[in-house]
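Undergrad: Here you go, one structure.
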Amino acid sequence: MKWLLLLIVVSTLFLLCVRMVQAAELPKVGQKAPDFSLPDQLGQLHSLSEYSGKWLVLYFYPRDDTPGCTQEACAFRDDLNHLTSLGAHVVGVSLDDSNSHAEFSKKYHLPFPLLADRDSQVAARYGVLLNLGIFKMAKRYTFLINPHGLVQKVYDKVETSRHSKEIIEDLKLLVAKPRP
């Protein structure tokens with residue numbers, strides 16, 4: 001009985017800690033997207049300003065080469081021609097290092113940058129950092145950033161098998177809208 005009570009207390013404390021270490025607020029639609037400057041799998045720096053005048057699909061994911069992350073990355077790879085035909089660039093971000101990204105990218109032939117947010121500052125600025133003290137990771141969120149650098153859409157409930165298709169459909173509607 002003592003073990004059960006101890007387990008309940010520890011579990012409750014753990015859940016409270018998880019809630020307390022959540023990242024900052026998510027950027028809201030219409031807000032300027034937080035800036036970033038991070039190395040990709042080849043060690044080349046990428047920043048938000050590089051995508052000025054273009055649509056940007058900035059997706060955060062927990063870990064390289066895990067089932068859900070692989071499915072999401074490969075779907076973006078398979079749909080990349082359609083996304084680029086709509087004027088969008090795809091960039092992935094996780095807390096993994098550039099070497100891990102290089103292996104992941106090579107293994108699955110990913111033709112887009114995977115950025116290494118080793119100090120977790122960008123994930124924190126985007127509100128997607130899950131910090132459990134000794135373990136940190138980016139939550140699976142995507143930000144569709146318009147050509148003016150504003151957050152156009154936030155995807156906080158990502159279904160990896162159909163996420164890229166969802167973005168394509170949203171982009172079709174957004175690109176077709178006449179600008180004031």
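Undergrad: What number of residues in segment 72-110 are out of contact with any helix residue (DSSP H, G or I) (no Cβ under 9 Å at 6 or more places or on another chain) and either surrounded by fewer than 17 Cβ atoms within 10 Å (Cβ to Cβ) or under 25 Å from residue 174 (Cβ atoms) (or both)?
TA: Of the residues in segment 72-110, 7 are out of contact with any helix residue (DSSP H, G or I) (no Cβ under 9 Å at 6 or more places or on another chain) and either surrounded by fewer than 17 Cβ atoms within 10 Å (Cβ to Cβ) or under 25 Å from residue 174 (Cβ atoms) (or both).
Undergrad: Take the residues in segment 129-154 that are within 21 Å of residue 95 (Cα to Cα) and loosely packed, with under 11 Cβ neighbours inside 10 Å, then tell me which one is modelled with the lowest pLDDT.
TA: 133
Undergrad: Return the residue satisfying two criteria in turn: it lies in segment 155-180 and is buried (at least 16 other Cβ atoms within 10 Å of the Cβ) and more than 14 Å from residue 83 (Cα to Cα), and of such residues it is modelled with the highest pLDDT.
TA: 155
Undergrad: From the list 83, 95, 56, which residue is in contact with an Asp or Glu (Cβ under 6 Å, 6 or more places away or on another chain), in contact (Cβ under 8 Å) with a residue 12 or more places away in the chain and hydrophobic (A, V, I, L, M, F, W, C)?
TA: On inspection, the qualifying residue turns out to be 95.
Yes/no matrix, rows are residues, columns are (1) within 12 Å of the chain's Cα centre (by Cα); (2) under 19 Å from residue 149 (Cα atoms); (3) not in a strand (DSSP E or B):
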residue: 77; (1), (2), (3): no, no, yes
residue: 81; (1), (2), (3): no, no, yes
residue: 84; (1), (2), (3): no, yes, yes
residue: 92; (1), (2), (3): yes, yes, no
residue: 96; (1), (2), (3): no, no, yes
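The values are calculated or read from the model by the stated rules, or taken from the named source; none is laboratory data. Please read these numbers as outputs of a predicted model, since none were measured by experiment. Don't worry about glycine lacking a Cβ; one is built from the backbone with ideal geometry, like all the others, and counts go over all protein chains shown.
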